[in-house]
Amino acid sequence: MANEYSNKRILVTGGAGFLGSHLCERLIAQGHDVLCVDNLFTGSRDNILHLIGNPRFELMRHDVTFPLYVEVDEIFNLACPASPVHYQYDPVQTTKTSVHGAINMLGLAKRVKAKILQASTSEVYGDPQVHPQTEDYWGHVNPIGIRSCYDEGKRCAETLFFDYHRQHKLRIKVARIFNTYGPRMHPNDGRVVSNFIVQALKGQDITVYGKGEQTRSFCYVDDLIEALMRLMNTGDDFTGPVNVGNPGEFTILQLAEKVIELTGSSSRVVFRPLPGDDPMQRQPDLTLARAKLGWEPTTALADGLKRTIAYFDSRLSKSLPA
Ligand code: NAD
Ligand code: UDP
């Protein structure tokens, strides 16, 4: 068994995805053994190619809706498509991934007495009527809309985590992640940051949905991963849920203008219909994260965007699909 002085065996589900690949990398750099479990639905081998061959890294192709029997000390449960385009592609599988995936990973954590962290989401607040969002807000979520497979799946996963904690004394951690961006986002996943950057680099129209007055708060990936790792290392009495993200709030139109400025693109903004149930505003209240994690995001939007633009620019120049 690992103790606090030795390296740990850590399972990262969804480890070949955007956030998961950064997390695997950071955990290996700390000297841990990482088992990356992924069905490669939205993730890819390219994201973890640089880790393959490292004796501390192992990739297992597996769908978390089926049981998994491995020996590990900690579990980061990230498996789930995260962009609206991807999670709405097969909504039934999305709910199964959140709910059956949580049951299977919690069952595994119970059997091997592992500590387990859930990558939950600001989507549990739905279209929030409290602003900024605090963890004690129960949310405003449509249970039958096109985003519900994701929102309600993640809400049910949180329920399961807290029931396993109360009923089986599992050591749990729940992070409510707000919009995060950075290198290794999927270029075609339809999320706003990747869409705008790819459109700007290709000189295509920038597609703003609705009037672009809706807001989001964007966190750079390195800051987010630091928060997840700190959360896993908090004392057993702290379960969360805890908001993690960047409180800097921007309208979608402001984001479009920023991307055009930073890429020097000649693209113009065009307006397209707003998708159903699209939340109007979103900003994390970080009071709890500051107190419990001693953490604060440090990357300004312009700096993070520059690094993300450089990533997509290099992909496009190598003619990788974008
Ligand atoms: P992503 O789509 O890049 O990564 C998800 C990974 O999970 C992919 O590698 C995918 O192949 C894998 N996966 C999907 N279904 C699976 C299944 N049934 N079995 C095994 N693997 C499966 O998305 P991401 O942005 O890296 O998100 C990671 C996690 O963080 C997700 O749980 C997401 O809900 C959560 N989250 C992300 C954000 C964000 O802004 N990026 C915000 C809130 C929450
Ligand atoms: N959005 C947009 N143009 C795009 C993609 C997204 O205006 O090409 C908007 C979308 O309607 C939403 C916001 O940007 O209001 C964030 O969308 P994303 O899918 O990135 O994340 P989420 O809605 O899940 O927060």
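Condition check ((1) modelled with pLDDT of 95 or more; (2) near ligand 2 (Cβ under 7 Å from one of its atoms); (3) within 21 Å of L262 (Cα to Cα); (4) under 19 Å from the mean Cα position of the chain (by Cα)) across all residues:
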site	(1), (2), (3), (4)
H168	yes, no, no, no
R176	yes, no, no, yes
V198	yes, no, yes, no
I206	yes, no, yes, no
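Within the group D277, D313, which residue is in contact with a Lys or Arg (Cβ under 6 Å, 6 or more places away or on another chain), over 30 Å from H165 (Cα atoms) and touching a residue at least 60 places away in the same chain (Cβ under 8 Å)? Give the derivation first.
Values: D313 fails: in contact with a Lys or Arg (Cβ under 6 Å, 6 or more places away or on another chain).
Matching residue, one of D277, D313: D277.
Mind checking which residues of the stretch 145-161 are part of a helix (DSSP H, G or I) and surrounded by fewer than 17 Cβ atoms within 10 Å (Cβ to Cβ)? Don't jump to the end; show me each part of the working.
Applying the first criterion (part of a helix (DSSP H, G or I)) to the stretch 145-161 yields 148-161.
Once the filter is applied, which keeps residues that are part of a helix (DSSP H, G or I) and surrounded by fewer than 17 Cβ atoms within 10 Å (Cβ to Cβ), the stretch 145-161 yields C156, T159.
What are the residues in the stretch 162-201 that are over 21 Å from E74 (Cα atoms), outside any helix (DSSP H, G or I) and not aromatic (F, W, Y), if any?
N179, T180, G182, P183, R184, M185, H186, P187, N188, D189, G190, R191
Name the residue that is surrounded by the fewest Cβ atoms within 10 Å (Cβ to Cβ), counting only residues in the stretch 208-223 that are part of a loop (DSSP other than H, G, I, E, B) and more than 8 Å from ligand 2 (Cβ to nearest atom).
Taking the stretch 208-223 first, the residues part of a loop (DSSP other than H, G, I, E, B) are 210-214, 218.
With more than 8 Å from ligand 2 (Cβ to nearest atom) added as a condition, the list becomes 211, 213, 218.
On the way: K211: 11, E213: 13, F218: 25.
Among residues in the stretch 208-223 that are part of a loop (DSSP other than H, G, I, E, B) and more than 8 Å from ligand 2 (Cβ to nearest atom), the one surrounded by the fewest Cβ atoms within 10 Å (Cβ to Cβ) is K211.
Pairs needed: first member in the stretch 210-225, within 21 Å of A256 (Cβ to Cβ); second member anywhere, aromatic (F, W, Y) and more than 9 Å from ligand 2 (Cβ to nearest atom); C-beta distance under 8 Å; at least 6 residues apart or different chains.
Sorted first by the residue in the stretch 210-225, then by its partner, the pairs are T215/F250; R216/F250; S217/F250; F218/F250; V221/F18.
Quick one: how many residues across the stretch 119-164 are within 18 Å of L231 (Cβ to Cβ), within 15 Å of ligand 2 (Cβ to nearest atom), among the hydroxyl-bearing types (S, T, Y) and out of contact with any Phe, Trp or Tyr (no Cβ under 9 Å at 6 or more places or on another chain)?
0
Right, R216: of a type in the set (D, E, K, R), within 15 Å of ligand 1 (Cβ to nearest atom) and touching a Phe, Trp or Tyr at 6+ places or on another chain (Cβ under 6 Å) or not? Before the answer, list the steps.
Working: of a type in the set (D, E, K, R): yes; within 15 Å of ligand 1 (Cβ to nearest atom): yes; touching a Phe, Trp or Tyr at 6+ places or on another chain (Cβ under 6 Å): no.
Taking the combined requirement at face value, the residue does not satisfy it.
Could you look through the stretch 82-107, keep only residues that are touching a residue at least 60 places away in the same chain (Cβ under 8 Å) and out of contact with any helix residue (DSSP H, G or I) (no Cβ under 8 Å at 6 or more places or on another chain), and pick out the one that is surrounded by the most Cβ atoms within 10 Å (Cβ to Cβ)?
Result: M105.
Give just the number: which of (1) in contact (Cβ under 8 Å) with a residue 24 or more places away in the chain; (2) outside any strand (DSSP E or B); (3) within 26 Å of G15 (Cα to Cα) does N142 not satisfy?
(3)
Applying the selection to the stretch 108-139, what residues are without any contact (Cβ under 8 Å) to a residue 60 or more places away in the chain and small (G, A, S)?
G139
Just to check your reading of the model, which residue among A291, A227, A200, A256 is among the small types (G, A, S) and either in contact with a Pro (Cβ under 8 Å, 6 or more places away or on another chain) or closer than 27 Å to C80 by Cβ (or both)?
Details: A291 fails: either in contact with a Pro (Cβ under 8 Å, 6 or more places away or on another chain) or closer than 27 Å to C80 by Cβ (or both); A200 fails: either in contact with a Pro (Cβ under 8 Å, 6 or more places away or on another chain) or closer than 27 Å to C80 by Cβ (or both); A256 fails: either in contact with a Pro (Cβ under 8 Å, 6 or more places away or on another chain) or closer than 27 Å to C80 by Cβ (or both).
Just one listed residue meets the conditions, A227.
Pairs please, first residue from the stretch 255-270 and without any contact (Cβ under 8 Å) to a residue 40 or more places away in the chain and at negative phi, second anywhere and surrounded by fewer than 18 Cβ atoms within 10 Å (Cβ to Cβ) and not small (G, A, S), Cβ atoms under 8 Å, 6+ apart in sequence or on different chains.
E257/V269
Taking the stretch 253-310 only, how many residues are among the hydrophobic types (A, V, I, L, M, F, W, C), surrounded by fewer than 19 Cβ atoms within 10 Å (Cβ to Cβ) and more than 30 Å from K173 (Cα to Cα)?
9
The values are calculated or read from the model by the stated rules, or taken from the named source; none is laboratory data. Just so we're clear, the structure is a prediction, and the values are computed from it rather than from any experiment. In this analysis, Cβ positions are derived from the backbone assuming ideal geometry, glycine residues included, and neighbour counts consider all displayed protein chains.
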